[in-house]
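Just below is one structure, and these are the notes that go with it.
Quick note: the coordinates plus some simple rules give every number you see, no bench work behind them. It should be emphasised that the depicted structure is a prediction, and the values quoted were computed from it without experimental measurement. Counting neighbours? That spans all protein chains shown, and the Cβs are built from the backbone with ideal geometry, glycine included.
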Amino acid sequence: MSGKYKNVAYYPGCALEGTGHAYNRSTKELGKALGLEITELKNWNCCGAMEVKNVDPKLQTYLSARNLSIAEKMGFDTVMAPCNGCYHNLKKAEYDLANDASSREVNSRLSSKAGHKTYEAGTVETIHALDWIKEAIGEEGLKARVKNSLKGLKVANYYGCMYTRPRHIFPEKDKGPGSESTAKPHFMDDLLAAAGAENVEYPLKTACCGGAHTLSDCDTSTKLVLNLLTTAEACGADVIATECPTCHTGLEMHQVRAEKVLGRKTTVKILYFTQLLGMALGLSARKVGVHENFSESSAFLRARGLG
Amino acid sequence: MTGMPSQRIDDIAARLDAMIASADATLVAAAPEFAEDLLALGDAILEIWLTAHDATPTTRTVEGFRLLALQRQGARGDASFNACRETCRELVYHRNLVCLDPAHPDTARRLRLGAMVARHLALFIGGKLEVAGLGEFCCASRPLRSQEANTQPAEIA
C-alpha cells in the first residue's frame with residue numbers, strides 16, 4: 001500500500017450505467033466503506049469502446065483523451081476506471097498521444113473544434129479499480145477492516161483480456177515485486193485473499209471469453225465461456241470473481257445459454273470482486289447490488305453467512 | 001493417447017475431452033507422455049491456423065518451446081492473437097509441472113487442467129477460423145500492433 005489514490009476522479013463508462021450497474025454500485029459502496037473519495041467526471045463521454053476503436057482508432061484516442069482532459073480540468077491527476085474496456089482505452093489513448101504524432105494532431109484538431117483544452121500525455125494517470133484498492137488501502141488495510149471474512153469461499157479470479165493487453169500500454173506493470181503482472185495478474189487474488197477468500201489456481205484468468213462476440217457470434221462465446229466455467233469448477237472454485245462488466249455479463253448470459261443450448265449445467269457463481277470485498281467489509285448483498293446481477297447467487301451467499 | 005496430433009480442430013478437441021474424462025490411474029500411468037501430447041496438440045492447433053492462412057508453420061522455438069514460436073508467428077500482423085498468448089504459456093507451464101514431477105499427487109488433476117487450457121486454445125482458434133475477428137475487438141490495439149507487423153521478434157531462437 002502506498003496510500004495514494006485516496007481521492008481520485010471516477011470514470012464509470014457506459015457499461016456501468018447499464019448491464020454493469022451492479023459493478024458501479026458496488027464500486028461506489030466499497031469506496032465509501034473504505035473512506036475513499038471518488039468524484040465522477042462531469043459530462044464524460046464514451047471511451048470509444050470496441051466499435052470506434054476498430055473503425056477509427058484516432059477518433060477513439062480523442063474520445064478517451066477528452067475524458068482525461070475533463071479530469072485535468074476538475075483538478076485531478078488520477079482517474080479510476082473499473083471497466084476493463086474503458087481502462088484499456090484510456091491507457092491506449094495515453095500511449096498513442098505519447099508516441100504517435102498523427103494521434104496528437106487529430107486530438108488537437110478535434111479538441112479545438114469541440115472547444116476544450118487539448119489533453120497532453122502524462123498529465124493524468126489512469127488506474128483500474130484494482131490499482132485503486134491495492135494502493136489506497138492495501139492488503140493489510142483490508143484485513144484490518146474485514147467484518148465478515150470470506151473464509152471458506154473458493155474463488156477463481158478472472159481478469160479477462162483487456163486488463164493486461166497489449167502489454168506496452170501498461171508501462172507500470174511487470175516492474176517486479178509489488179507491481180501487477182501482465183502474464184499472471186494477481187491484484188484481485190491479493191485483495192480477495194486479504195478478505196479471507198481462498199483463491200484457487202485458475203489457469204484461464206486472462207483467456208478470451210468471446211466478449212465482443214457475445215451477441216454476433218453466440219455459439220463461439222458460449223463454448224469459450226463454458227470452458228471458463230467448467231475449468232473454474234475443476235479448479236474447485238465456488239465463485240468466479242470478475243473485474244470487467246463485459247466479461248461478467250458474458251459469463252452470466254452464456255452460463256444460462258450453455259445449459260439451454262448445449263445441455264451443460266454449471267453452478268459456479270459469478271460476482272464482481274467489488275461485491276465480494278464489500279460483503280467482507282460487512283455491507284449487505286443488496287447494498288453491493290447482488291440483486292442486479294443476471295445470475296442468482298443470493299441463496300449461496302446467505303448459506304455462507306455473507307450479505 | 002499417443003501419436004501425431006490429428007489435423008482437425010474438432011478431432012483435437014475430442015482427444016482433449018477424452019483426456020479430461022480419463023481415470024486418474026490412466027493419466028498417472030503415462031503422465032509424461034500425456035503431457036507431451038498436450039503440447040503436441042497445442043502445436044497442431046496453431047499449425048492449423050497458420051496453414052489455413054498460407055503460412056508455413058515455423059520449426060523454431062521460443063524459450064525452448066515451438067508452441068510459443070508458433071503463437072508469435074500467428075500474432076505477427078494479427079493482434080487478436082494476443083488473446084491466446086497466456087493460454088499457450090499456461091499450456092507449457094502445465095506440461096512442465098507434470099514432466100518435472102510426474103509422481104506428484106496432483107498429476108492427474110494437472111493433466112486435466114492442462115487439457116482444459118488446450119481445449120480453450122482449440123475453441124479460440126476454432127472460433128477464429130469461423131470468425132476471424134474473434135479477439136480483435138477486445139485485445140487488439142490495431143494501430144499499435146500494425147506498426148510491429150513487419151518486425152522480427154528478437155527472442156525467436
Study note, to complete from the structure: Gyration tensor on Cα atoms of the protein assembly as shown, a ≥ b ≥ c root eigenvalues, a/c under 1.5 rounded, else prolate if a/b beats b/c, else oblate, says oblate
Practice item. Quote the FRET efficiency, to the nearest 0.05, computed for residue A:154 versus residue B:30 with a Förster distance R0 of 25 Å and r equal to the Cβ-Cβ distance. Key: 0.25
Exercise for review: Give me the distance between the Cα centres of segment A:245-307 and segment A:13-27, rounded to whole Å.
Suggested key: 14 Å
**Study point:** Hypothetical label at residue B:52: residues of segment A:153-172 whose amide nitrogen lies under 20 Å (7 Å Cα-Cβ projection)
**Key:** none
Practice item. Starting from the Cα of residue A:73, draw a straight line to each of the aspartates and glutamates and keep only those under 18 Å, dropping any in the same chain fewer than 8 residues away. Key: A:37, A:40, A:94, A:120, A:125
Exercise for review: For helix A:101-114, report the angle its Cα long axis makes with the longest principal axis of the Cα atoms of chain A; keep it between 0 and 90° and round to the nearest 10°.
Suggested key: 80 degrees
Check your understanding: Distance in nm between label sites at residue B:106 and residue A:123, each 7 Å beyond Cα in the beta-carbon direction?
Key -> 4.9 nm
Practice item. Pop a pseudo-label 7 angstrom from the Cα along the beta-carbon direction at both residue A:43 and residue A:21 and give the gap in nm to one decimal. Key: 2.6 nm
Check your understanding: Contour minus end-to-end for residue A:267 and residue A:116, with contour as 0.36 nm per residue of separation and end-to-end as the Cα-Cα distance?
Key -> 49.4 nm
Exercise for review: Report, to the nearest 10°, how far helix A:245-262 tilts away from the longest principal axis of the Cα atoms in chain A, using its own Cα long axis and a range of 0 to 90°.
Suggested key: 40 degrees
Review point. Between residue B:18 and residue A:54, what is the spin-label point distance in nm, taking each point 7 Å from the Cα along the Cα→C-beta axis?
Key: 3.6 nm
Revision key, fill the gap. Cα-Cα longer than 26 Å, checked against A:58/A:134; A:42/A:92; A:53/B:128, kept in input order, equals A:58/A:134
Check your understanding: At 222 nm, what helix-only mean residue ellipticity would the protein assembly as shown give, in deg cm²/dmol to the nearest 500, using -39500 (n - 2.57) for each DSSP H run of four or more?
Key -> -16000 deg cm²/dmol
Review point. R0 = 25 Å: FRET efficiency of residue A:233 with residue A:303, Cβ-based, nearest 0.05?
Key: 0.90
Review point. Which of the trypsin sites (Lys or Arg not before Pro) found in segment A:42-87 are loop residues per DSSP with 11 or fewer other Cβ atoms within 10 Å of their Cβ?
Key: A:42
Point to revise | Cβ-derived FRET efficiency at R0 25 Å, residue A:98 paired with residue B:131, nearest 0.05 | key: 0.15
